[in-house]
Structures are given as structure tokens and as C-alpha cells.
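The values are calculated or read from the model by the stated rules, or taken from the named source; none is laboratory data. Keep in mind that what you see is a predicted model, and the values were worked out from it rather than measured. Please note: Cβ atoms are built from the backbone with ideal geometry, for glycine as well, and neighbour counts cover all protein chains shown. Keep in mind that these areas ignore ligands, DNA and RNA; they rest on the heavy atoms of the full protein, side chains included. Shrake-Rupley method; radii C 1.70, N 1.55, O 1.52, S 1.80 Å.
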Amino acid sequence: MTQQTTWLDQLRDAQRRGDTAAEAEALSAAIRIDRGNIAAILAMAELQRRLQDDRAAATFYRLALGTAANVGSVPMSLHAGLERADQFLIASERAFADHLLGQLRNVGIDAATATPRVAEALRMLAGEQQVYLQQPSMFYFPGLAQRPFFHRADFDWVPALEAATGAIRDELLALIDNSSDRFGPYVTASPDRPPPNNPLLDKPDWGAAWLWKDGVVADGMEILCPAALAGLALAPQPVIPGRAPLALFSRLTPGTHIQPHYGMLNTRLICHLPLIVPEGCALRVGPETRSWREGELMIFDDSFEHEAWNRGTSDRTILLFEIWRPDIDADEREQLTRIFSAIDSYAEQ
């Protein structure tokens, strides 16, 4: 007699006798012997449902689904049970959210009265919002606030830069109209590296006209765009030889979608000064989506998952640059500059 037949026989015998304690014992033993026994895990979940312990049922259903996902391929006989598990968990999460929000409404707490952080925490607890965290692709600096967007009013240099929007826009238009087009594809491949897996590779849909690139002013831009460079000088840009400052006019053509991705560092913030923004353009950072407003700086942490799109009928163009995060002090900035320089010097060897 096989081990599987043994636990199944014990289970069926207990079910015929209506002995739920024996059922639970048989299933527990089967799961202890083989933690990948999806059939036994599902049967335990069903038993807990019959015993009206939905929280226990949910834990076993979740275990069954996780085990099946790790296995990859499961017998057809288990598919119906796994589908029931998925449906039960969805219903349970909705019931929990309804209970939670109902209880809170009874004591005067709802989306309208909660503080923004409490409201966001409730959305995540209720499963209405995904948890987004900093996930830089190259370098992570610990201890920084998990904050996708920053307020313009927190930066004393912003009003002066925004006041120059008209002059910077005029330089952009002159750059397009009166000289050779400085825009090239933003996403390009290095000749000695594998090409990035990006659908916008070498496409003009996401265009870049560089003002600062690799830590130096792009050729001729001091003559063509003096107002833009003067405005950028107001901001606390990182200065890292061969790397920063960086700044560019960033253009999205109609229908372009920059897919969700993460920036390289969480030590910086990305700034967008919107210059030409048609209807239908927006940026999502973490859980929040915002539309650009011409002349109003947008400041965000690009180490969160983010994406952008132009669903309008004409080009969207912004001035894009980076600044130090304000919660990184002068000593840390100096040390980080040396770290990034050391990283770059190794890459040059």
C-alpha cells in the first residue's frame, strides 16, 4: 500500500464516520510528510471551511497556490481545487476590506477624514493599492524616506527656475526651428554592451536634446540655451566627473508609452519642468499618477517603479534634470560622490 493511499484511506474513513478531528489529523500528517502535497493542502483548506474557520482556510489555500506556482505544472485533477482557492481568497480579501472599512466608518474614519498617510495605509491593507518601495537598479542608499513625489514648496530655488519657463521654452522652440535638430533617441545602445531590452531602443519616439551630458555641457548649448543653463545652475545638481550634472529636453511623441521601470539610484530626485504639454500626458510614480502643468516643476524619486505616456495629439516636451535628495547631508554627498567616481573608474579599466 502506498503512502498516498494510506492518507487518503484514513481521510475517507474519517469522513464516513463524521470525525473531523481524525480528518485533520490525517491531513496534517500527510502535509508534514510531504509539504508539496497540494491535494492534502487543498483538502485541509476545505475542511477548515466546513469548520467555518475562514482564516485558517485562507492560509491553506494560499499555501496550495504558492506550492502550485513553485511546481509550475500540476495535475489536471487539482485545477478545480486551485481555482476554488483563488476565488475564495479574492472573496475573503473583499470581505475583510468591507469589515475593516465598515468598522472604521462607525468611529468616524474614512477616506475623507483620514490623514493622507493613514488613507494610503488603509488602501494597502484592504488590497486596493500595491506596496511600492524604492528599488534602484544600481545603488541603494539606506534610511531615506519612501516618498515617490516631493513638494515644490519645499525647495527655495524652485520659484526662480519656474519664473524662467518662458525664456527656456523660447530657447527650446528656437532650437527646433532655427538650427539642426538636436533631438536623438533617448534609449541607445553602447557599442561594447548588449543592447537594452527596451521597445524604445534607437527610436525617436522618446527624444533627448542634451544640455548637460556625462558631467559636461553639451556642445554649443551654452550659446543656444543660456537661460536653461542659468536656471539649472540654481538647483543642487550632483557634480560627479564623467557622470553628472545631467540635463536634457525630453520629448515624447504622440502615442509613446515609457514602460514601467526603475532608476539607477535613490540618492537623487528627478525634476521635470514642463514646457509643452498637450492633453493626455501623465506620469505615474508608485501608486500615484500626475499630469504635467506647464511651468510647474514636478519632483519625484525615480527609484520607485514609474512610467509615462503621451496620449495626446502633439509632442510633450519637458526640461529634465536631477538633484541631490534634500535628506542627504553635505558629508554624505561628498562621500557618495567618491563612491560613484570609484565605480566609474573601475568600469574604465
**Message:** Can you give me the accessible area per residue for the stretch 197-337, using a 1.4 Å probe, in Å²?
**Reply:** 40
**Request:** Let me know the shape class of the stretch 230-277, please: from the alpha-carbon gyration tensor, a ≥ b ≥ c as square roots of the eigenvalues, rounded when a/c is under 1.5, otherwise prolate if a/b is greater than b/c, or oblate.
**Result:** oblate
**Rounded FRET efficiency, nearest 0.05, which uses the C-beta distance separating residue 327 from residue 177 and R0 of 35 Å** = 0.25
**Prompt:** If you work out mean projected area of the Cα convex hull in nm² from the coordinates, which of [x] 25.9; [y] 18.5; [z] 23.2 do you get?
**Reply:** [x]
**Complete:** Of 118, 216, 107, the most mobile residue in a GNM of the chain (C-alpha springs, cutoff 10 Å) is 107
**Asked** Out of 211, 82, 175, any idea which swings most in a Gaussian network model of the chain, alpha carbons joined below 10 Å?
**Response** 82
**Complete:** Total charge of the residues flanking residue 26 in space, meaning their Cβ is under 14 Å from its Cβ, with Lys and Arg +1 and Asp and Glu -1, is -3
**Message:** For the ranges 46-53, 248-255, 94-101, what's the packing order if you count other beta-carbon atoms within 10 Å of each residue, average per peptide, and put the highest first?
**Reply:** 248-255, 46-53, 94-101
**Fill in**
Within the under-13-Å Cβ sphere about residue 120, not counting residue 120, Lys/Arg +1 and Asp/Glu -1 give a net charge of +1
**Complete:** In degrees rounded to 10, the 0-90 angle between helix 165-178 Cα long axis and the longest Cα principal axis of the chain is 80
**Carbon and sulfur %, accessible surface of the stretch 149-260 computed with the full protein complex present, 1.4 Å** = 55
**Complete:** Taking only the alpha-carbon atoms of the stretch 149-275, the convex hull volume per residue, in cubic angstrom, is 140
**Prompt:** Roughly how tilted is helix 79-106, in degrees to the nearest 10 and between 0 and 90, from the longest Cα axis of the chain?
**Reply:** 70
**Asked** Between residue 126 and residue 289, what is the FRET efficiency for a Förster distance of 30 Å, r being their Cβ-Cβ separation, to the nearest 0.05?
**Response** 0.95
**Asked** Rounded to the nearest 10 Å², what accessible area does residue 140 show when all protein chains are kept and the probe is 1.4 Å?
**Response** 110
**Complete:** Under 5 Å from the placed amide H of residue 304, counting only residues 5+ away or on other chains, we find 135, 263
**Item:** For the stretch 301-337 versus the stretch 63-93, the gap between their alpha-carbon centres in whole angstrom
**Value:** 41
**Complete:** Residue by residue through the stretch 318-327, the couplings from Karplus 6.51 cos²θ - 1.76 cosθ + 1.60 with θ = phi - 60°, in Hz, x for Gly and Pro, are 10, 8, 10, 8, 10, 9, 5, 5, x, 8
**Complete:** Rounded to whole angstrom, the alpha-carbon centroid of the stretch 217-243 lies from that of the stretch 147-193 at a distance of 10
**Message:** I'd like the orientation of helix 330-347 relative to the chain: the angle between its Cα long axis and the longest Cα principal axis, in ° from 0 to 90, rounded to 10.
**Reply:** 90
**Asked** For the stretch 69-77, in order, what is each residue's ³J(HN,Hα) by Karplus, 6.51 cos²θ - 1.76 cosθ + 1.60 with θ = phi - 60°, in whole Hz (x at glycine and Pro)?
**Response** 5, 6, 5, x, 10, 10, x, 4, 4
